[in-house]
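Only one structure is covered here, and it is reproduced in the block below.
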Amino acid sequence: MKHIVAPRIRPSLTFAALSLVALGAVASTALAQQQPAATASAAALDRGNVLKSPGIFGVFSTYKVRPELYRLANAQRKGMAAEVTALADQYKDKIIVDAYLTRGLSAKSDFLLRVHGSDLAAVQKFMVDFRATRFGVMCDVTESLVGITKPLNYITKEKSATLNAGLSSASYSGDAPRYSIVVPIKKSAAWWNLSDEQRLKEMESHTHPTLQYLGNVKRKLYHSTGLDDTDFITYFETNDLGAFNNLMLSLAKVPENTYHVRWGSPTVLGTIQTLDSVVNTLTTTK
């Protein structure tokens, strides 16, 4: 099922296959419901359309805050969050910024930014300007992934009508998602050298066990081959981590899983928050 998106929204995908399978199924529902990482900065763009449209770039960057930040006086840290949100507001007609707190759930990062835009150069410029803020200069990038959204490749009305109907009719019905999970996936050369018919068969076997989780887990898929050192970025949102764990176990058991050479590494788990909330949390000491 090809998978995501960006949050309060988020469409996502399941693993390689889930991701491959349900790209279209992932709508920006979560985003609309809770606008997790969305801030006033995204007001100028139609968030729902951006998150559901093909041809949208998604950049995922995780950061670790330097210890030096906490050696600054409170007066020096004051206003850092406002500076970052003001920057995002300057780009509101070009990009959508979503933020996630990973501190406490990850040893390698403190927060994740997911930035969407139809112009990758605009996304890049925001990232450069973010690193130049007082908060940004105190953060180091620990992971960066780039992908683009595309229409479904396999589970389409023409190629797999029954499964496509199952994907299309299912909708998220759980509580507003509090957690996001990002799972990069890379496929082996053997996968890409299968015939289209063989890959369709594998994706169908991958899709069957995922249908039961569509009411608990939102998913969105990004394609990265040639843009990054991975093939897919699968993005999930859920309020039921137990259901997500069971979904992943189901995907681990399908034959398509044997074609993975990377599944995670890293897997990024975080709580969906506003940009202002994430920066305030990481710059305030009690």
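The values are calculated or read from the model by the stated rules, or taken from the named source; none is laboratory data. Note that this is a predicted model, so its numbers are computed, not measured. Cβ placement follows ideal geometry from the backbone for every residue including glycine, while neighbour counts extend to all protein chains displayed.
Restricting attention to the stretch 16-27, does a residue exist that is closer than 26 Å to Asn164 by Cα, modelled with pLDDT of 50 or more, aliphatic (A, V, I, L, M) and not in a strand (DSSP E or B)?
No, the stretch 16-27 contains no residue that is closer than 26 Å to Asn164 by Cα, modelled with pLDDT of 50 or more, aliphatic (A, V, I, L, M) and not in a strand (DSSP E or B).
Would you point out the residue of the stretch 82-99, among those that are part of a strand (DSSP E or B) and touching a Lys or Arg at 6+ places or on another chain (Cβ under 7 Å), that is farthest from Phe236 (Cα to Cα)?
Ile96
Would you be able to say whether some residue in the stretch 233-242 is in contact with a helix residue (DSSP H, G or I) (Cβ under 9 Å, 6 or more places away or on another chain), under 25 Å from Glu197 (Cβ atoms) and assigned by TED's automatic domain parsing to the domain that holds Ser173?
Yes, the conditions are met somewhere in the stretch 233-242.
Against the conditions (1) exposed (fewer than 13 other Cβ atoms within 10 Å of the Cβ); (2) out of contact with any Ser or Thr (no Cβ under 8 Å at 6 or more places or on another chain), where does Asn74 fall short? Just the number, please.
In the conditions (1) exposed (fewer than 13 other Cβ atoms within 10 Å of the Cβ); (2) out of contact with any Ser or Thr (no Cβ under 8 Å at 6 or more places or on another chain), Asn74 misses (2) alone.
Grab the helices (runs of 4 or more DSSP H) fully contained in the stretch 112-209, keeping just those with 2 or more residues being out of contact with any Cys (no Cβ under 8 Å at 6 or more places or on another chain) and aromatic (Phe, Trp, Tyr).
Result: 120-131, 189-192.
So if I check each of Ser277, Ser265, which one is assigned by TED's automatic domain parsing to the domain that holds Gly79 and either closer than 21 Å to Ser109 by Cα or at pLDDT below 95 (or both)?
Ser277
Which residues, counting only those in the stretch 163-221, are hydroxyl-bearing (Ser, Thr, Tyr), closer than 26 Å to Gly48 by Cβ and at pLDDT below 95?
The answer is Ser168, Ser169, Ser171, Tyr172, Ser173, Thr207, Thr210, Tyr213.
On the given criteria, is Thr238 more than 16 Å from the chain's Cα centre (by Cα) and among the hydroxyl-bearing types (Ser, Thr, Tyr)?
The answer is no for Thr238.
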